[in-house]
Amino acid sequence: MSEQNLTIALSKGRIFDETLPLLAAAGIEPVEDPEQSRKLIIGTNHADIRLVIVRASDVPTYVRYGAADFGIAGRDVLIENGGEGLYQPLDLQIAKCRMMVAVPQGFDYAAASQPGCRLRIATKYPDITAEHFAAKGVHVDIIKLYGSMELAPLVGLSDAIVDLVSTGNTLKANGLEAVEHVVDISSRLVVNKAALKTKHALLEPIIQAFGSAAKAGGAFI
Ligand code: ATP
Ligand code: PRP
């Protein structure tokens, strides 16, 4: 009997919900629902496997430092906050959305985003935004926000936003429209590189099970 154990970092909400079927495919069932509990460490039906519930943007940090052996993180988080030092074997094709530039309906974005123009952009993703507009030759003043980006152009904080869009309902409800694609987003399995070696026997079947369960839309990368 192995004395090793596994810690899996997940965020509450859509990633947790969409990861449940993958965990089930690997035979792992949480004993509690993080939405119903204030606990940050949740046991599973395996005594040696536990879940830690962290902010979505903190998942790579927990895994990088080995506080969790693996986790699931959005590509937005991995590009913006850095996926270096992490093994990323699988695109799970969950929590799919698009990062877009959006503006108030009727705003002449084509004219305002000519090379040499200057735009004020509110976003949670300043690095991705800076790179996107630098490639277009458009100067941007970036205002970092932590949420509710859609509000910024409505109250004069910015001309535009760079945010995630799925159904488009949030933009529509706030009189905004998506005008430019930045990058497609889905969530990836991120694994601690040392754990991959030292806990290979425990990790490998789980990675394989996740890969098969996600096969319809997932891909080893
Ligand atoms: P934090 O709590 O750290 O601010 P968050 O609020 O972005 O993070 P979630 O809303 O749970 O956390 O999003 C987790 C991940 O899900 C994001 O990093 C992104 O990859 C993806 N995501 C975000 N919004 C959507 C959406 N509307 N549809 C599908 N996937 C999304
Ligand atoms: C995300 C994103 C948008 C919304 C887009 O927010 O920041 O506001 O989803 O989804 P839609 O196109 O389907 O409307 P989220 O639901 O994660 O809220 P939060 O950023 O406040 O956590």
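Within region 162-204, being of a type outside the set (A, V, I, L, M), near ligand 2 (Cβ under 9 Å from one of its atoms) and under 15 Å from the mean Cα position of the chain (by Cα) holds for Asp163, Ser166.
Scan Val183, Val190, Val138, Val155 and give me the residue that is more than 24 Å from Ile15 (Cα to Cα), of a type outside the set (Ser, Thr, Tyr) and in contact with a strand residue (DSSP E or B) (Cβ under 7 Å, 6 or more places away or on another chain). Only one candidate qualifies: Val138. When only residues in region 77-87 that are over 16 Å from Leu10 (Cβ atoms) and touching a residue at least 60 places away in the same chain (Cβ under 8 Å) count, which is nearest to ligand 2 (Cβ to nearest atom)? My answer is Ile79. Within the set Val162, Val179, Val140, the sole residue that is within 16 Å of ligand 1 (Cβ to nearest atom), touching a helix residue (DSSP H, G or I) at 6+ places or on another chain (Cβ under 9 Å) and of a type outside the set (Lys, Arg) turns out to be Val162.
We did not get these values from a lab; they are worked out from the coordinates using the rules stated. Predicted model, so just to flag it, every value in this text is computed and none were measured. Here the Cβ is made from the backbone with ideal geometry for all residues, glycine too, and neighbour counts use every protein chain on show.
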